[in-house]
Each structure stands twice: as C-alpha cells, then as structure tokens.
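Q: Please find one structure pasted underneath; my questions will follow.
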Amino acid sequence: MIDGFTPWPEADVAKYIESGVWTNETFADATSRWASRWGDHTALVHRDRKLTFSSMHEEVEFVAAGLFEIGLRAEDRVVLQLPNSAEFVVAALAMFRIGVIPVFSLASHRDKEIDHLVRVSGAIGYICPVRYRGYDYAELGERIRSRSDFLRHIILAGNDTRSDSRLDLPRGDPKVLPNPAADAASPAFFLLSGGTTALPKLIARTHRDYIYQIRTAANVASLSSLDVYLAALPVEFNFAWGCPGILGTFERGGTVVIADTPSPDECFDLIETYKVTITSVVPTVAVLWVDAQEWEKRVMRSLSRIQVGGARLDPKLAVRIQEVLQTQLMQVFGMAEGLLSMTRLNDNFDVIVGTQGTPISPYDEIVVVDSDGNPTACGVPGELLARGPYTLRGYFCAPEYNDHAFTSDGFLRTGDQAYITSIGNLVISGRIKDVIIRGGEKINAAEIEEQLIACPGVTAAASVAVPDELLGEIHYIFLVGDSPPGSIREIRSWLIARGLAEFKIPDRMEVVKALPLTSLGKVDKKALVVAALNPDSVRSWNISPQLQKDTDNA
Ligand code: OOB
C-alpha cells in the first residue's frame, strides 16, 4: 500500500467484505468484464468517436501498453489533465489497468495548482493536451517539469501540429502488459477536496470503495443497459465520473455520451441525437437549461431523469426544472470525499423539491452535531458528520490535518451545516467551511487571501461568498492596505501571473480601511456579506481608528 494512504480500520474492512459491500474486483477487472458482457453495445461517444465496450477495452489495452512502455508502473502517480473526451476515459482506465494512479486535475488548473498536485501526490508523470481552447498545455508541462525534482514524464496527448481538438494517447503492444497489478484495496485514483485548506487535499479512492459507490448509485438512479448518460459536466468531477455517472453507466451496460461543455445548445442537440435518458448538472447549469427550454422548446422526451447537485438548489428552481424540462429531478448532495445523498425517484414532491434525500447506502452513517459534538435534535442544524464504506478515513499524506478533519471514531467532519427532517431526509442548510461555491466550482477563501496578502500595498484581505441569483454565489473580496490595487482588472492580472486558475478570480472587490472582527478576533465574514449586499450601508469597522474616536466623541 502506498505511504500516506489511510486504510479503513480492520473491523470495518471485515464488515464490508463479509457483507458483500466490497469485492475483490479492480477497475482493470471491471473493464474486461464489461467487454465480455456488453461486447458490441456502444459504451462511449464523443464528437465523431464511438467505442463499443469491446473496442473501448482494446483501446485501453493499447494505451496501457503505451504508458507501460514509457516506463510507468503500478503505484506511480500521474497528474491527468485532459478536457472532456473519450481519451480522458481511456487514459484513466488504461492507468487502472497497470495500477498507475491518476490524479484528476481540473482542465482549468494552471501552474499553481498543478505544481501543488505534483508535489503532494509525488507524481512522476503529467498527461495533458498539447493545446486546448487556446491554452498551451505543452508549455505549462515544461514549466512544471522545470520546477519539480521528480516529475519525469510529460505525456502530450496530441501531435505536434498544436491543433486545438485532436487528442492522441501513446499506444504500445499489449503483449508487454503484465497481469493486472493493483489490488482492490489500493487507491485507484485521486480526487481533489473542495475543503478548507489553502490548497486542495488529495482523496485516494480505492477500487473497491469506488466500485461499491458506482453500483449503489446506479441502483438508486435505476440505471440499465438501455440508459444513455450525458456527461455534461467536466468528466473529472466525481459527480460525472461515478455518481453513478460514466462508470456507473458502464457498470450497467449503458451508453455514455460526452459533451464538450454543458451549454444548452450543445447538450440539447446531444440529448435529441442520442436519445439521452439521464444526466447530471450543477444548479447554475440547470438555470441555463430551463431558461433555454422556455425560450425555444426542444423535444427531449427521452430525458427521464436529471440529477442536480454540487451546490444549493433553490426549491423554486427545483420546481421549474421538473415543469419545464418535463423530467424527474433527483437532488444530489455529494462530496469527493465520499458520502452521497440523493432523493429517490419515488419520493414525494416535497422531498424532491426541498431536501437532498437520504444516503445511498444502508452502510452510510451520518450524524448532525452541535458545536460541542453532541447530536442535535431532528430539524436542528449542526455540522454534518459522515462515515461509511466509500467515505475516506484520512486525506492523503496529511496526518495533522486529519487529526481535526475526522472525529476520534472516524467520522469525517464535512464542513457542511445540515439538519435531518422528521421523516429522515437530509437538508443542507449552510456551510461552516470557508469555501465559495461559484456556479458549482469550489474556491477556497484561504487560498485567495494568501495570494492577495502577497500583493504589494495590501496588508489584509478577505474573500467571501455573496449570494447571487445567477451563479448561486459570487466571489467578493475586501482589501485593506496603503496602496492596494485599484481595480478588479489589476487583481486579475496579479492572480493570473501567480499561476492561479481563472475560475478563482474574484467578481467584485472593495477597498476598506479595516476588516470587521468578531468578538474572538476573527474576520467577521457575515458582516462582510451584509456589507457586500448593502454597499451604501454605514459600517463602523470601515472607519479609521481616529475617525472612529471622532465619531464616538461627536
Ligand atoms: C460535489 O463534490 P465536491 O467535492 O466538489 O464538493 C462538495 C461540497 C459539499 O461539501 C457541499 O459544500 C457542496 O459541495 N455541495 C452541496 C450539494 N452538493 C454538494 N451543497 C448544497 N447542496 C448540495 N446538493 O460537489 C459533488 C460530488 C458528487 C456528487 C454531487 C456533488
């Protein structure tokens, strides 16, 4: 087992194995099982590329051999940064085949994030397109390699023409391949936490925990081989990858269609063309779809289910989704760390519209606790804790962080505020962790603040989530200093030059004299949100000490 991975305690391992929750199967086994069971049925469609289960399996073998010939071996880590494509899926399955562990980076990540992922995962390889949507990933790869002591292989998925759309993975002779190397208990891939520290923590997902997750989620979503799943969100997002998503669809012999973007234009065409039956989106995408459908009615009769999750879904929008898209809504609360809670297809209207359902597995354990760690009464909000057969027991290589991220009995502190309704459904009612969820993308406040404070002329900074009709939340920053940047454009250039991904750039900024503090001396972010929503309000904290005295004496 690789160093830095936290296994489940032995008693739980025995319990999950005896009960049949975990099996000995790896994703390498699953890929060949799918090919024998579903052979000529279409597995994967992206643009003009179509793979059956058999041809996908063959492709995986060729690419696994290509990666093996380059020198990648079991337990090596490789940062995988490919856009939505059949190649992403093939590359990931090929790595599972030889026991190499991909780290799922977001396509939007840049120097700062990739450097970090390489460092914490100990990656020796990085797979990226040569160029995509005008961005030169080949150059990014070179910069990353020049800064790393151990990153050896930059694997460009493309030829030298630097064309924007063509992705080619290395191929080799499958005869060189050893028998599948990994075992079911070992990590299959790494997801990134949207958590509370400045840079994302790594979440090792093992073969057996994730295979259990995709099967259980496929049951809850009633997937069968007749289903066609549209991967509208980024494929590296846990939601699209396996809740039940791409892998859950394969597991049931269904077809996966991959979209380049979640735009209604593109996705509605794909839904019509391929008779898509199920998809998953974040609330901001759902808004775009509903608006587009109201504007110009499209025939999407095949779409029988839509999963919505990743951020709070307004009940009014939940109603509109069902009415306008004429499909059954499933609310999903999920996290890369594991726990998935979903409304069920046969739940009543109020549950579907107003709650995030119940955990998908009878082996999931959830508790809501108050600030002293005691369980709250029904309907009373507190922090949601989770433990179970597909929820991690420790972040990768983060022993100190793990000490407070988990309770002494192994429950993950989710950082989400929730309550349980009288009939047992979960409602996410707020957030304790300092994260901005902008259009479904997670931005860590501490990471941005750290960057802003490094900016010349800035002495203090706060990054907050302000409610927004369209994006759910927008990213607002407050700066203090003698000569802070005067505009959001300057901030943008500063952050981009620091190598930060573009989605983390703040939407609005305000320069203030001081940041408000709570009685404990921490930055009072609630007061900042109120200030952001009421720009004309008089704020006592935004007055210099001298002025404050003068006001007091007046
Ligand atoms: C999904 O996963 P992550 O890891 O990107 O983000 C997890 C966080 C949660 O802790 C929570 O703060 C928020 O995203 N969240 C929701 C939510 N679903 C996720 N907040 C309110 N309501 C919801 N329904 O976002 C994710 C992973 C798998 C499936 C779906 C979403």
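The values are calculated or read from the model by the stated rules, or taken from the named source; none is laboratory data. As the structure is a prediction and not an experimental result, all values here were calculated from the model. When we count neighbours, we look across all protein chains shown, and the Cβ atoms used for this are built from the backbone with ideal geometry, even at glycine. Please note that ligands, DNA and RNA were not included when accessible areas were found on the heavy atoms of the full protein model with its side chains. Shrake-Rupley method; radii C 1.70, N 1.55, O 1.52, S 1.80 Å.
Q: Treating the beta-carbon of each Lys and Arg as +1 and of each Asp and Glu as -1, no other charges, what is the dipole magnitude of the chain about its Cα centre, to the nearest 20 debye?
A: 360 debye
Q: Relative to the first principal axis of the alpha-carbon coordinates of the chain, what is the inclination of helix 86-98, with its axis defined by its Cα atoms, in degrees from 0 to 90 and to the nearest 10?
A: 70 degrees
Q: Can you tell me the orientation of helix 207-220 relative to the chain, as the angle in degrees between its alpha-carbon axis and the longest Cα principal axis, to the nearest 10?
A: Roughly 80 degrees, rounded to the nearest 10.
Q: What does the highest-first list of 382-389, 355-362, 141-148, 475-482 look like by mean Cβ count within 10 Å?
A: 382-389, 355-362, 475-482, 141-148
Q: By the scheme Lys and Arg +1, Asp and Glu -1, what is the net charge of all other residues having a beta-carbon under 15 Å from that of L392?
A: -1
Q: Leaving ligands, DNA and RNA out of it, report the carbon-plus-sulfur percent of the accessible area of the chain at a 1.4 Å probe.
A: 51 percent
Q: When ranked by the protection proxy of mean other Cβ atoms within 10 Å per residue, highest first, what sequence do the peptides 492-499, 402-409, 431-438, 332-339 form?
A: Descending packing order for the listed peptides: 332-339, 431-438, 492-499, 402-409.
Q: Would you mind getting the accessible area per residue of the chain, heavy atoms of the protein chains only, 1.4 Å probe, in Å²?
A: Heavy-atom SASA per residue in the chain reads 41 Å².
Q: Also, quick follow-up: Once amide H atoms are built 1.01 Å from N in the peptide plane, which residues 5 or more positions from L233, or in another chain, come under 5 Å H to H?
A: Answer set, sorted by chain and number: S280.
Q: Using helices alone, what [θ] at 222 nm do you get for the chain, with -39,500 (n - 2.57) per DSSP H run of 4 or more residues, divided over all residues and rounded to the nearest 500?
A: -10000 deg cm²/dmol
Q: Does the range 182-224 come out rounded, prolate or oblate by the C-alpha gyration tensor, with a ≥ b ≥ c the root eigenvalues, rounded set by a/c under 1.5 and, if not, prolate when a/b is larger than b/c and oblate if not?
A: oblate
Q: Would you please classify the overall shape of the range 329-372 from the alpha carbon gyration tensor, given that a ≥ b ≥ c denote the square roots of the eigenvalues, rounded means a/c under 1.5, and beyond that prolate means a/b larger than b/c while oblate covers the rest?
A: The shape class here is prolate.
Q: Return the ratio Rg/(2.2 N^0.38 Å) for the range 39-161, where Rg is computed over Cα atoms only.
A: Working it through for the range 39-161, the quotient is 1.05.
Q: Using the crude model of +1 on Lys and Arg Cβ and -1 on Asp and Glu Cβ, and no other charge, please compute the dipole size for the range 25-169 relative to its Cα centre, in debye to 20.
A: 320 debye
Q: Going down the list K275/K297; K504/K525; K50/K442; K297/K442; K316/K525, which pairs span over 25 Å between their C-alpha atoms?
A: Cα-Cα > 25 Å for K50/K442; K297/K442; K316/K525; rest within.
Q: Right, next: Projected onto the charge dipole of the chain (+1 at Lys/Arg Cβ, -1 at Asp/Glu Cβ, origin at the Cα centre), which of L106, P389, P178 gives the Cα projection farthest towards the positive end?
A: Value: P178.
Q: Right, another one. Taking the Cα centre of the range 271-409 as origin and charging only Cβ (+1 Lys, Arg; -1 Asp, Glu), how large is the dipole, in debye to the nearest 20?
A: 780 debye
Q: What does the charge count around P174 come to, taking other residues whose C-beta lies under 9 Å from its C-beta (Lys +1, Arg +1, Asp -1, Glu -1)?
A: -2
Q: Just to be sure I understand: of the beta bridges DSSP finds with both ends in the chain, what percent are antiparallel, rounded to 5?
A: Of all bridge pairs located within the chain, approximately 60 percent are antiparallel.
Q: Multiply the residue separation of E75 and D403 by 0.36 nm, subtract the distance between their alpha-carbon atoms, and state the gained length in nm to one decimal.
A: Additional length available on full extension: 115.5 nm.
Q: Compute the helix-to-body angle for 315-325: its Cα long axis versus the longest principal axis of the chain, expressed 0 to 90° and rounded to tens.
A: 40 degrees
Q: State whether the range 201-243 is rounded, prolate or oblate according to the following rule on the C-alpha gyration tensor (a ≥ b ≥ c being the square roots of its eigenvalues): a/c under 1.5 gives rounded; otherwise a/b larger than b/c gives prolate, and the remaining case gives oblate.
A: oblate
Q: Shifting gears a bit: Eigenvalues of the Cα gyration tensor times 5, then square-rooted: what semi-axes does that give for the chain, in whole angstrom, largest first?
A: 38, 28, 25
Q: Near V290, within a Cβ-to-Cβ distance under 10 Å, what is the net charge of the other residues, with Lys and Arg +1 and Asp and Glu -1?
A: -2
Q: Quick one: check the C-alpha center-to-center distance for the range 427-454 versus the range 172-239, whole angstrom.
A: Going from one Cα centre to the other spans 25 Å.
Q: Still on this structure, I have one more. Using only the alpha carbons of the range 223-325, what is the convex hull's orientation-averaged projected area in square nanometres?
A: Averaged projected area of the range 223-325's Cα convex hull equals 5.7 nm².
Q: Additional query: Can you check how the C-alpha radius of gyration of the range 254-413 compares to 2.2 N^0.38 Å, as a plain ratio?
A: So the range 254-413 has a normalised radius of gyration of 1.22.
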